[in-house]
Amino acid sequence: MIFTLKTFTLIHVLISLIGIGSGLVVLFGWLTGRQFNGWTVLFLVTTILTSVTGFFFPVDHLLPSHIVGIISLVILAVALLARYVFHLAGAWGRIFVVTSVIALYLNVFVLVVQMFLKIPALKSLAPTQTEPPFQMTQLVVLALFIVIGIMAAKRFHDEPVRAAARAA
């Protein structure tokens, strides 16, 4: 089966939205002192797929979205090491939370960019994405992720995953 660009874009967007939604569930868990391991796997897989599929759009040069994708994949590689190689032991638990929050933020950053490109009301406020409404929106999103990320890292408890890792 051959995908059209429209179908591929739809799949990419759905994967991205699943990644963002599952990432928010995982983040909520960390803020409330719980881990949602199934949601975490879904978040990691879909966030990796979001970055990887972004490289398959037809372009003739490196775009800012590719740079975001590369950064996200490097950060996610560290997150995977923290979770599956080091089993969140010691500082690796917080490293996992911080890298996961950064990866989630990058997906939300791209979501905001796309919203300002595709939603007419937002596009009229910031047609070149250099205008104050776009800049302020991205600044507020960044500030929220910094604050929530710090809170999540402080509240993170690694015992359920470490216990499961020892039992395996």
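Some values worked out for this structure:
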| read-out | value |
| --- | --- |
| Nearest-20 debye value, the chain charge dipole, Cβ charges on Lys, Arg, Asp, Glu | 340 debye |
| Rotationally averaged projected area of the range 72-159 (alpha carbon convex hull; nm²) | 6.3 nm² |
| Computed over the range 1-97, Kirkwood Rh from alpha-carbon pairs, angstrom | 14.6 Å |
| Diffusion constant of the chain at 20 °C, which comes from Stokes-Einstein with the Kirkwood Cα-pair radius and 1.002 mPa s, µm²/s | 126 µm²/s |
| Gain in span if fully extended, THR9 to THR130, counting 0.36 nm per residue against the direct Cα distance | 41.0 nm |
| Per residue accessible area of the chain, 1.4 Å probe, in Å² | 57 Å² |
| Computed over the chain: relative contact order in percent, which uses C-alpha pairs under 8 Å that are six or more apart | 25 percent |
| On Cα atoms only, tilt of 5-31 relative to the major axis of the chain in degrees | 40 degrees |
| Highest to lowest packing among 32-45, 3-16, 70-83, scored as the average C-beta count within 10 Å | 70-83, 32-45, 3-16 |
| Percent carbon-and-sulfur accessible area, the range 22-168, ignoring ligands, DNA and RNA, probe 1.4 Å | 77 percent |
| Angle in degrees between helix 132-155 and the longest Cα principal axis of the chain, rounded to the nearest 10 | 10 degrees |
| Peptides 142-153, 125-136 ordered by average Cβ neighbours within 10 Å, highest first | 142-153, 125-136 |
| Positive-end extreme of charge dipole, the chain - chosen from PHE56, LEU73, GLN114 (charges on Cβ) | LEU73 |
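The values are calculated or read from the model by the stated rules, or taken from the named source; none is laboratory data. Here the structure is a predicted model, which means the values were calculated and not measured. In this analysis, Cβ positions are derived from the backbone assuming ideal geometry, glycine residues included, and neighbour counts consider all displayed protein chains. The area values use the complete protein model at the heavy-atom level, side chains included, leaving out ligands, DNA and RNA. Shrake-Rupley method; radii C 1.70, N 1.55, O 1.52, S 1.80 Å.
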